Amino acid sequence: MGATLEIRNLWAGVEGEEDAILRGVDLTIQQGEVHALMGPNGSGKSTLANVLMGNPAYEVTEGEIFFGGEDLMEMEADERSRAGLFLAFQYPVAIPGVTVANFLRQALNARLKAEDPESKGISVPQFVRLLQGKMSQLKMDHNFAGRYLNEGFSGGEKKRAEILQLATLEPKIAILDETDSGLDIDALRVVAEGVESLKGPELGVLVITHYQRILNHVAPDFVHVMYGGVIVESGGPELALRLEDEGYDWVREKHEIAVPA
Amino acid sequence: MARVRRRQATLAAPPVSEEDLRQLSARNNEPAWLLNHRLESWEIYESLPMPTLQDEEWRRTDYRHIRWEEAGPLATQNGARPAIDVIPKENLAPLIGEEQGGLLVFVDGELIRYEFGDALAQQGIYFAELQQASQERSELVQRYFMQKAVLPTDGKFAALHGALWTHGVFLYVPPHVVAELPLHVVNYVTKPGATLGHVLVIVEENAQATLLVDYASPPGEKQAAYIGATELIVGDAANLRYVALQDWNRQTFEFSHQRARVGREGQLDWIVGTMGTQLTKAHLELELDGRGANGRMSGFFFADDDQHFDLDTQQNHNAPLTSTDLLFKGAAKDVARTVWQGMIKSLPNMQKIDGYQVCRNLLLSKDARMDGIPGLEIEADDVACSHAATFGTLEEELMFYLMSRGITRPQAQLMLIDGFFDELLQRVPFARVRDRLQEAIEAKILS
Ligand SMILES: Nc1ncnc2c1ncn2[C@@H]1O[C@H](COP(=O)(O)OP(=O)(O)OP(=O)(O)O)[C@@H](O)[C@H]1O
Ligand SMILES: [Mg+2]
């Protein structure tokens, strides 16, 4: 059965704050589909991504999220991840003292242990082979495996490390929050090819972006525009092209009344 | 009237006397100069009051829950000679592969194993029990023992140590000699009562050595005290790597004075780990005496339950062009309390000195308390000095990142704490020892 992500009338804000950032989001993503989410700065895209992943900094005040028929709101972030949800962060944090290799091995082992508490986890040689394969595919220097995660990584290196995690963990639905920002043209191609190669009936993708260029590689089935914490427009690939041409003015004009400043 | 449990109002002292000192000295057949040194130290000891909270250095450390009747009598003086197999195998494992240059194992202050390879001995390196050294290398020991680094006048416990030290090690590396293999000392204590261990290391001009000293004891019911002194003498252009790892049981109180002196262009890499004891009060002082001397001090500590650690560090720049780099990292959980107080000092007009000092504190419970007090007293203008203490908890943002990859909350905490210490553990030059330390850290996290 497909692991559909269903978001219904989602309202959320920063934990302890009055004002909602997300103001009634509706969105359904099926495995195998690619959705693009666009929208001006500050419209709530990253907030949506974080709320979906279960970031405790945000509080959901209304609405529902189901993932493969299960209530996501009942789960902590780690359970959501093990259920098959993945978020490539817009601003990945550095994890001092934890190497990329150790981190990914622990993440894989957490999955194996959740399935079978007796599991001893992936063997080291098997893991090394897996990791090196994925790193080669993403044209990453194998030295990265021994570096502390994201510490001192350049912007582009961080984004690539996020995709490495995506490729290793093989989720059902992946949210890419501006993974294309800060990448040079070659890096963008490598990352996009990486995502492209993972795409298929098993993976649903939500690409949050400001640019058409990544969508040239990872072709979306649906494009949505978020404005003021609401998805105000949805359409096909032509919607992204129109935004690229015209910007957001028409969106603002059309929806100003619906969305108070 | 409500019953109030009080600590002793006045400070009791350990139940030891000049008679104990004379017996100890006689039993060891000590040369006269050594007995005299003990007697002089005893006199100083008797002239000093027990430290109290009124003393600036002791303001944050109240040790009045020590029961001197248990912790005070000398542990060496009772019972049968223990066997080496009381010591966990990990503590005795060779430092590198199957090799180490030498091993001295003390149990309850008695030397019970001595290994020292011919190769190092033929190079002129001397590595032995300090009593033995004071006979065999009398002139050398007499010149250095509590004369240049730790002095009996440094404090009440330094004086007590001078009077009643029970055992020790002496490592001497002659000029231009490189000890290729690391040396290892294990200090293991199975009994209540006091042991007073001494470490004296002399690395002469242009010589090199690495020494690891382990301190440990199995869980016990009764209190114990360790009143130690460590003296590290690093000659001109010499290089010493010194690692001291303390994991005494929770009934032990440690009071120690440790001081290193580094000569011209000499280098000291000094690592201290503090995991055990009920209470530790340690003075760690680095004296850069020669132009261009360099010292790195690395410390990690992890206090849990109701442990209390008080670590005083000093970096004294006594010559121009000297540099020091101190990094301490500690964690505290439960109701533990830690204090780090650091000071960088220079003599007047020591130009071009570079002193760096930072202590990073990781607070793992609301009821734990950590103090970090950096300090700087520099009397020169052409200097680069910086000092800081930082305090933090496990950041939710980092926790979320790890958990968003499926890692459970407890595992994520473990990884972040391990990660916090990793930078320091990597400075320990022995993989096997690093693994042992990591296990000890994880055991504390999970306890
Ligand atoms: N943790 C937070 N604390 C305070 N304000 C927040 C927090 N997270 C989001 N906000 C606010 O919520 C609004 C939406 O932010 P969000 O990051 O979701 O926007 P975005 O659509 O991802 O923007 P961008 O395109 O710039 O990445 C912004 O006004 C932002 O300042
Ligand atoms: Mg964003």
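Quick grid of which residues meet (1) within 13 Å of ligand 1 (Cβ to nearest atom); (2) in the same structural domain as A:ARG23 (by TED's automatic domain parsing); (3) under 20 Å from A:THR179 (Cα atoms); (4) surrounded by 13 or more Cβ atoms within 10 Å (Cβ to Cβ):
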{"position": "A:HIS210", "(1), (2), (3), (4)": "yes, yes, yes, yes"}
{"position": "A:ARG213", "(1), (2), (3), (4)": "no, yes, yes, yes"}
{"position": "A:ASP221", "(1), (2), (3), (4)": "no, yes, yes, yes"}
{"position": "A:ILE231", "(1), (2), (3), (4)": "yes, yes, no, yes"}
{"position": "A:SER234", "(1), (2), (3), (4)": "no, yes, no, yes"}
{"position": "A:GLU238", "(1), (2), (3), (4)": "no, yes, no, no"}
{"position": "A:LEU241", "(1), (2), (3), (4)": "no, yes, yes, yes"}
{"position": "A:GLU246", "(1), (2), (3), (4)": "no, yes, no, no"}
{"position": "A:ASP249", "(1), (2), (3), (4)": "no, yes, no, no"}
> Restricting attention to region A:76-93, which residues are among the charged types (D, E, K, R) and more than 7 Å from chain B (Cβ to nearest Cβ)?
Replying inline: A:GLU79, A:ARG80
>> So for region A:8-18 (the condition being closer than 21 Å to A:GLU178 by Cβ, away from chain B (no Cβ under 14 Å), surrounded by fewer than 21 Cβ atoms within 10 Å (Cβ to Cβ) and more than 13 Å from ligand 1 (Cβ to nearest atom)), does at least one residue qualify?
In response: no
> Quick check, is B:GLN341 buried (at least 18 other Cβ atoms within 10 Å of the Cβ), in contact (Cβ under 8 Å) with a residue 24 or more places away in the chain and either touching a Lys or Arg at 6+ places or on another chain (Cβ under 9 Å) or aliphatic (A, V, I, L, M) (or both)?
Replying inline: yes
> Could you say which residue among B:LEU394, B:LEU425, B:LEU416 is at the interface with chain A (Cβ under 8 Å from one of its Cβ atoms) and open to solvent by less than 50 Å² (accessible area, probe 1.4 Å)?
Replying inline: B:LEU416
> For region A:159-180, what are the residues that are away from every other protein chain (no Cβ under 12 Å), within 16 Å of ligand 1 (Cβ to nearest atom) and of a type in the set (Val, Ile, Thr)?
Replying inline: A:THR179
> Which members of region A:94-119 meet the condition of being polar (S, T, N, Q) and either open to solvent by less than 30 Å² (accessible area, probe 1.4 Å) or within 8 Å of chain B (Cβ to nearest Cβ) (or both)?
Replying inline: A:ASN102, A:GLN106, A:ASN109, A:SER119
>> Checking the conditions here, which among A:ALA145, A:ALA167 is of a type in the set (Gly, Ala, Ser), open to solvent by 10 Å² or more (accessible area, probe 1.4 Å) and within 23 Å of A:ASN102 (Cα to Cα)?
In response: A:ALA145
> Looking at A:GLU202, is it within 16 Å of ligand 1 (Cβ to nearest atom) and away from chain B (no Cβ under 14 Å)?
Replying inline: no
> Looking at A:GLY42, A:GLY32, which is the one that is at positive phi and either facing chain B (nearest Cβ under 10 Å) or away from ligand 1 (no atom under 16 Å from the Cβ) (or both)?
Replying inline: A:GLY32
> In region B:273-296, how many residues are within 14 Å of the chain's Cα centre (by Cα), surrounded by 24 or more Cβ atoms within 10 Å (Cβ to Cβ) and farther than 19 Å from B:ALA225 by Cα?
Replying inline: 1
>> If I ask for residues that are within 16 Å of ligand 2 (Cβ to nearest atom), open to solvent by less than 40 Å² (accessible area, probe 1.4 Å) and in a strand (DSSP E or B), which ones from region A:36-69 would you list?
In response: A:ALA36, A:LEU37, A:MET38
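The values are calculated or read from the model by the stated rules, or taken from the named source; none is laboratory data. Note that the structure is a prediction, hence the values are computed from the model and not measured. With ideal geometry, Cβ positions are generated from the backbone for all residues, glycine too; neighbour counts draw on all protein chains shown. Ligands, DNA and RNA are stripped out before the accessible areas are found, and what is left, the full protein with its side chains, is counted by its heavy atoms. Shrake-Rupley method; radii C 1.70, N 1.55, O 1.52, S 1.80 Å.
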